[in-house]
1. In the stretch 29-42, what residues are in a loop (DSSP other than H, G, I, E, B) and open to solvent by 50 Å² or more (accessible area, probe 1.4 Å)?
2. Here are Arg113, Arg146: which of them is under 23 Å from Thr76 (Cβ atoms) and out of contact with any strand residue (DSSP E or B) (no Cβ under 8 Å at 6 or more places or on another chain)?
3. Looking at (1) open to solvent by less than 10 Å² (accessible area, probe 1.4 Å); (2) assigned to a loop (DSSP other than H, G, I, E, B); (3) not small (Gly, Ala, Ser), which one does Pro236 not meet, given that it meets all the others?
4. In this structure, is Asp224 modelled with pLDDT of 85 or more and either surrounded by fewer than 19 Cβ atoms within 10 Å (Cβ to Cβ) or in a loop (DSSP other than H, G, I, E, B) (or both)?
5. Go through the stretch 212-242 and give me each residue that's touching a Pro at 6+ places or on another chain (Cβ under 6 Å) and over 20 Å from Ala83 (Cβ atoms).
6. Working carefully through the options Ala19, Ala45, Ala4, Ala26, find the one that is open to solvent by 30 Å² or more (accessible area, probe 1.4 Å) and either within 19 Å of the chain's Cα centre (by Cα) or closer than 22 Å to Pro236 by Cβ (or both).
Amino acid sequence: MFAAERRQLILEMVRANGAVSLRELARVVQTSEVTVRRDVRALEAEGLLDRRHGGAVLPGGFTRESGFPQKSLSATAEKTAIADLAAGLVEEGEAIVVGAGTTTQELARRLARVPGLTVVTNSLLVAQALAHANRVEVVMTGGTLRGSNYALVGSGAEQSLQGLRVSRAFLSGSGLTAERGLSTSNMLSASVDRALVQAAAEVVVLADHTKLGTDTMFQTVPTDVITRLVTDEPPPHDDRAATELQALADQGVQIAVAGAAAVAGPARHEVPLPGQRRTRAQLRSGNGSLTPEQLQDRAPRVADLRRR
């Protein structure tokens, strides 16, 4: 494929999806990430798109929300690994809330095996994944159906969550930064996500590396409210994603990283107990995590970031 054809295809993918990772672009155009990165730089120089941490987005700052078909095809291996790791947090007999999203849908498929579980959700996809789980009780919110992500939103959804109390909330979103926390591109979705957070004693965010450093219009969960982030390991060249992980860890967010072994198949990783906060020095080493030394090698120090 000639460079002009390749760049046209890249541009069409970004316009269709709003945001696409370099890894996904390289897979579709069947070339290396190095070549794709060079193409993205050229398109950015022409003002046709903007580079972001490990990917490309529509020009103009904030990314727009992709539809479900595009989301379901993006970072599929990473979402699988994240869901495998996050499922290890859930215990028998728990009551949890699970928000809308393709990553939370993957989590729900794994929760079908947890006996005595109660799952409260506003997502038709999550409910569908658990519909035939005999030992899992599914409670759906009310609300108005938002067809683009198969989620119930609006005042009916929010009111149905009033007075609810569960152990954990599992949420995804369109972007995650240390400065603003989790965000999404839709106001109604953001409002329901905030209501889900209010119902939970602990908040677990599921976000693949392409969302790290991405900022969208509506804040759903401030950083200081996020207990844990479950993510995948950024590619070696993605220093900015590693920087964001370090900044989140410095603000007390517990980081659980699904490694290569988790991508290849289901894996269990040790995760800190609820309520614990980790400093940079306490980040867990070994498979499935980034050590402090790895984070320092792959990202500038936070003091350097503040001067920028």
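1. Quick first cut of the stretch 29-42, residues in a loop (DSSP other than H, G, I, E, B) only: 30-32.
Passing the criteria: Gln30, Ser32.
2. After ruling out the rest, the residue left standing is Arg113.
3. Unmet condition: (1).
4. Working: modelled with pLDDT of 85 or more: yes; either surrounded by fewer than 19 Cβ atoms within 10 Å (Cβ to Cβ) or in a loop (DSSP other than H, G, I, E, B) (or both): yes.
Yes; evaluated as a whole, the condition is true for this residue.
5. Going residue by residue through the stretch 212-242, those that are touching a Pro at 6+ places or on another chain (Cβ under 6 Å) are 241-242.
Passing the criteria: only Ala242.
6. Working: Ala45 fails: either within 19 Å of the chain's Cα centre (by Cα) or closer than 22 Å to Pro236 by Cβ (or both); Ala4 fails: either within 19 Å of the chain's Cα centre (by Cα) or closer than 22 Å to Pro236 by Cβ (or both); Ala26 fails: open to solvent by 30 Å² or more (accessible area, probe 1.4 Å).
Unique residue meeting the criteria: Ala19.
The values are calculated or read from the model by the stated rules, or taken from the named source; none is laboratory data. Just so it is clear, the model here is predicted, and its values are computed rather than measured. Glycine also receives a Cβ, built like all others from the backbone with ideal geometry; neighbour counts cover every protein chain displayed. Areas reflect the complete protein model, heavy atoms only, side chains present, ligands, DNA and RNA absent. Shrake-Rupley method; radii C 1.70, N 1.55, O 1.52, S 1.80 Å.
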